[in-house]
1. Of all residues in segment 194-212, how many are assigned to a helix (DSSP H, G or I) and either within 22 Å of THR239 (Cα to Cα) or open to solvent by less than 20 Å² (accessible area, probe 1.4 Å) (or both)?
2. Return the residues of segment 53-107 that are surrounded by 18 or more Cβ atoms within 10 Å (Cβ to Cβ), part of a helix (DSSP H, G or I) and of a type in the set (A, V, I, L, M); say none if nothing qualifies.
3. How many of the residues making up segment 4-31 are modelled with pLDDT under 95 and either part of a loop (DSSP other than H, G, I, E, B) or under 19 Å from the mean Cα position of the chain (by Cα) (or both)?
4. Among the residues of segment 137-153, which ones are assigned to a loop (DSSP other than H, G, I, E, B) and either open to solvent by 50 Å² or more (accessible area, probe 1.4 Å) or of a type in the set (Lys, Arg) (or both)?
5. What number of residues within segment 151-184 satisfy the criterion of being without any contact (Cβ under 8 Å) to a residue 12 or more places away in the chain and either in contact with a Ser or Thr (Cβ under 8 Å, 6 or more places away or on another chain) or not charged (D, E, K, R) (or both)?
6. Considering only residues that are outside any helix (DSSP H, G or I) and among the hydroxyl-bearing types (Ser, Thr, Tyr), which ones fall in segment 154-193?
7. May I ask you to verify whether ASP230 is surrounded by 12 or more Cβ atoms within 10 Å (Cβ to Cβ), free of Cβ contacts under 8 Å to residues at least 24 places away in the same chain, of a type outside the set (Val, Ile, Thr) and part of a helix (DSSP H, G or I)?
Amino acid sequence: MLELKNIDKYYNIGTINEMCLFKGFNININDGEFVSVVGSNGSGKTSMLNIICGSAYVDGGEIIMNGENITQKKEYLRYKDIGRVYQDPSMGTCPDMTILENMAIADNKAKKYNLRLGITKSRVNFYKEQLKRLNLGLEDKLHVKVGALSGGQRQAMALLMATMTPIKFLILDEHTAALDPKTADLIMELTDSIVKEKNITTVMVTHNLRYAVEYGSRLIMMHKGDIVIDKAGYEKQNTGVNDILALFNEISIECGN
């Protein structure tokens, strides 16, 4: 389980632009849940992900992961248990390294690096099998530099690499936003398949309301640092895009937009 307990988060403290984003914010994410998170710009979606991963500190409250208080835990240490895929396909891979080299780096995540080969012949067939499931032909391009691939191919690789080692949580930060609609659909289908197969607790921030409704076991909508919708199970199954859009429009009118 992942818990954010009484989280306070301020920006630009001590300046005229000081802003309180979270004040006593709480959320519990149960093991095995696939949570889709939507909300307007500035609602706190990405800040919540950054707080979970440790790339943003908190001004109050606690972050509890599987019973362990990780509030003060360094970001790089948290990534032993967390995989993250970003909006920008270039952030999840090393463009100047080959597909094979990228796969080997992901395969050795959280392992000690001794004086040994980073790529072993015994693992090459494993990498090919993993890449084959993407149906992009990458298993036959192991020695091609990742920078030469399309955005969709790189994002598919980033997703695969993020989940290659045993992780407890998968963080998806608008991971389809930079892709064309057809490729985005492919990446979402792949995401759903991997999450179900490995039973990974997942938090996905998305601006695509259709994906938020169609995928995942729980739907959350955020606004100004608060959760305004939280639906799971039967309630989520009976929530449509128009229901979410109606609340978006209502909030927009309240904000004077």
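The values are calculated or read from the model by the stated rules, or taken from the named source; none is laboratory data. Computed from a predicted structure; not experimentally measured. Every residue, glycine as well, gets a Cβ built from its backbone with ideal geometry; the counts of neighbours run over all protein chains shown. Surface areas here come from the heavy atoms of the whole protein model, side chains and all, with no ligands, DNA or RNA. Shrake-Rupley method; radii C 1.70, N 1.55, O 1.52, S 1.80 Å.
1. The total comes to 7.
2. Those that are surrounded by 18 or more Cβ atoms within 10 Å (Cβ to Cβ), part of a helix (DSSP H, G or I) and of a type in the set (A, V, I, L, M): ILE99, LEU100, MET103, ALA104, ALA106.
3. Qualifying residue count, segment 4-31: 7.
4. Of everything in segment 137-153, those that are assigned to a loop (DSSP other than H, G, I, E, B) and either open to solvent by 50 Å² or more (accessible area, probe 1.4 Å) or of a type in the set (Lys, Arg) (or both) turn out to be LYS141, HIS143, VAL144, SER150.
5. Quick first cut of segment 151-184, residues without any contact (Cβ under 8 Å) to a residue 12 or more places away in the chain only: 166, 181-182.
Pick out the ones that are also either in contact with a Ser or Thr (Cβ under 8 Å, 6 or more places away or on another chain) or not charged (D, E, K, R) (or both) and you get 166, 181.
Residues meeting the conditions: 2.
6. Across segment 154-193, the qualifying residues are THR163, THR165, THR176.
7. Here the answer is no, as ASP230 does not meet what is asked.
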